[in-house]
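The values are calculated or read from the model by the stated rules, or taken from the named source; none is laboratory data. Computed from a predicted structure; not experimentally measured. Backbone-built Cβ (ideal geometry, glycine too); neighbour counts: all protein chains shown. Heads up: the accessible areas ignore ligands, DNA and RNA and are worked out on the full protein's heavy atoms, side chains in. Shrake-Rupley method; radii C 1.70, N 1.55, O 1.52, S 1.80 Å.
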Amino acid sequence: MNIPRLAIIVPCYNEELCIMSTATRLLQVLEHLVKHNKIKRDSYIYFIDDGSKDRTWDIIEDLHSKNRLVKGQRFVKNFGNQKAIIAGLEAVKKIGCDCVVSIDADLQQDEWAIEKFVDKYMQGFDVVSGIRNNRKTDSFFKRITALMFYKTMNLLGANIPVNHSDYRLVSSHALDVMAQFNERALFLRGFFNDVGFKTAYVNFDVKPRMAGKSKFNFMSLTTLALNGITSYSIVPLRLVSVIGFFMTFVSFVVGLIAIINKVFYNQAQHDWMTSLILSCFFSGLQLFCLGMIGEYVGQIYREVKGRPRYIIDRELK
Ligand code: UDP
Ligand code: MG
């Protein structure tokens, strides 16, 4: 196998404090890999500015004018980190590359692990997923919710490794396959793990954020999780029918007991607490199930409209 032309894609949202040193460090990695004859000379970095409101884009333009190995595009507005990564994958597919690595702009992921990614690629793997050794840098809340999310996804059959992030390498073959999936809300972690590519794993250390604050908040993480689940699995919908069936069965049994009590023992049911608890429980359950179905209706609504996943404002190639 020939040594690959590598592209590194970096989603960025308000990362003016990080992006300069991120570019420098990633260029060092590229240089190192070129020197050791592991990648081609025209390997490059591709930034996706996800509608930043700070100086991020200016810095990218500046970097590009000094070094053509730094390329990038800018969204007209913020579309979220998943869309930015998808845009990056689609852009480097057009520009051309043999494999592509996605990494965060704050370089929390150890950038030197890219060498191991490329080694795995050379061994013939189409997807190489980065697995973080720990989550020490995350808050307790984020650790718990992330664990809950991955456990749920895996229960639903997604099989995503628990400490996987969007730090991964994919081959151009995997990009070709991805292009055949037209859905708007592609959940990359589920997708690349599930399509059936030959996959390898590489462990890496997580560092604290270089500068600035996390660009995710409770709402955006919830959206990511809900999108992940509803774009990926219809098991929750089935669960609604199963719960409904089970509840009907329970109420049938309770009704039967009440009738038996009345007919054979002449005991009437007059505990108002019971009815209050039951009515609260069932109305809550119904609202929950409705909400769950609503999430899917929303997902269908967005897919049916078939709007573009993102809109590019400008590109530097
Ligand atoms: N990001 C993005 N769009 C967003 C939010 C985040 O492109 O709407 C980028 C961000 O710039 C970073 C990556 O996604 O490169 C991961 O974000 P962050 O480091 O803030 O998340 P955390 O590490 O806290 O999970
Ligand atoms: Mg981060």
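Pairing the Cα long axis of helix 19-35 with the longest principal axis of the chain, what angle in degrees results, from 0 to 90 and rounded to the nearest 10? The angle comes out near 60 degrees. As a rough guide to protection, the peptides 253-259, 124-130, 142-148, 159-165 ranked by mean Cβ packing within 10 Å, highest first, stand as 124-130, 159-165, 142-148, 253-259. Sorted largest first, the principal axis extents computed over the alpha-carbon atoms of the range 127-177 equal 38, 26, 13 Å. Look at where the Cα atoms of the range 218-258 and of the range 53-75 average out, and the two centres are 46 Å apart. Counting only Cα atoms, the size of the range 159-296 along its three principal axes is 75, 36, 27 Å, in decreasing order. From most to least packed by mean Cβ count within 10 Å, the peptides 189-201, 8-20, 70-82, 283-295 give 8-20, 70-82, 189-201, 283-295. Taking max minus min of the alpha-carbon positions on each principal axis, the range 256-317 gives extents of 84, 20, 15 Å, largest first.
Computed over Cα pairs, the Kirkwood radius of the range 60-107 leads via Stokes-Einstein (0.890 mPa s, 25 °C) to a diffusion coefficient of 203 µm² per second.
Highest GNM mean-square fluctuation among 301, 46, 167, for the chain modelled with Cα contacts below 10 Å: 301.
Among 54, 110, 98, the largest mean-square fluctuation in a Gaussian network model of the chain, built with springs joining Cα atoms closer than 10 Å, belongs to 54.
Beta bridges per DSSP, both residues in the chain: antiparallel share near 40 percent. An oblate overall shape is assigned to the range 31-176, the ratio a/c of its alpha-carbon gyration tensor axes (a ≥ b ≥ c) being 1.5 or greater and a/b not exceeding b/c. Within the listed set 307, 132, 25, the Gaussian network model of the chain (springs between alpha-carbon atoms below 10 Å) gives the highest mean-square fluctuation for 307. Listed by chain and number, the lysines placed with their C-alpha closer than 21 angstrom to that of residue 83 are 53, 71, 93, 94, 213, 215, 305, 317; residues fewer than eight positions away on the same chain are left out. Residue ranking by accessible heavy-atom surface, 1.4 Å probe, largest first, among 57, 112 comes out as 112, 57. Here the accessible area of the range 85-193 is 52 percent carbon and sulfur, with a 1.4 angstrom probe and all protein chains present.
Couplings 3J(HN,Hα) for the range 312-317, derived from phi with the Karplus relation 6.51 cos²θ - 1.76 cosθ + 1.60 (θ = phi - 60°), are 8, 8, 8, 9, 10, 10 Hz, where x marks Gly and Pro. Over the range 36-80, the alpha carbon radius of gyration divided by the compact-protein estimate 2.2 N^0.38 Å works out to 1.36. Note: the range 134-214, Cα convex hull, 134 Å³ per residue. If you look at the Cα atoms of the range 246-287, you get an Rg and a Dmax of 11.9, 37 Å. Among 122, 153, 219, the order of accessible area from largest down is 219, 122, 153, computed with a 1.4 Å probe on protein heavy atoms. Apply the Kirkwood formula to the range 201-273: the hydrodynamic radius equals the inverse of the mean of 1/r over all pairs of different alpha-carbon atoms; give it in Å with one decimal. Computed over Cα pairs of the range 201-273, the Kirkwood hydrodynamic radius comes out at 18.1 Å.
Charge dipole (Cα centre; +1 on Lys/Arg Cβ, -1 on Asp/Glu Cβ; no other charges) of the chain amounts to roughly 180 debye.
I need the Debye-formula profile for the range 1-93: one equal scatterer per C-alpha, no solvent, reported as log10 I(q)/I(0) at q = 0.17 1/Å, two decimals. Debye curve over Cα of the range 1-93, log10 I(q)/I(0) at q = 0.17 Å⁻¹: -0.70. The residues 168, 209, sorted by heavy-atom accessible surface at 1.4 Å with ligands and nucleic acids left out, run 209, 168 from largest to smallest. For helix 235-265, what angle does its Cα long axis make with the longest principal axis of the chain, in degrees from 0 to 90 and rounded to 10? Roughly 10 degrees between the two axes. Using alpha carbons only, how many degrees (0 to 90, rounded to 10) separate the axis of helix 140-155 from the longest principal axis of the chain? Result, in degrees: 70. The Kirkwood hydrodynamic radius of the chain, based on inverse pair distances between different Cα atoms, is 22.0 Å. Evaluated over the range 98-205, the count of Lys pairs having alpha-carbon atoms less than 20 Å apart is 4 (only pairs 8 or more residues apart or interchain).
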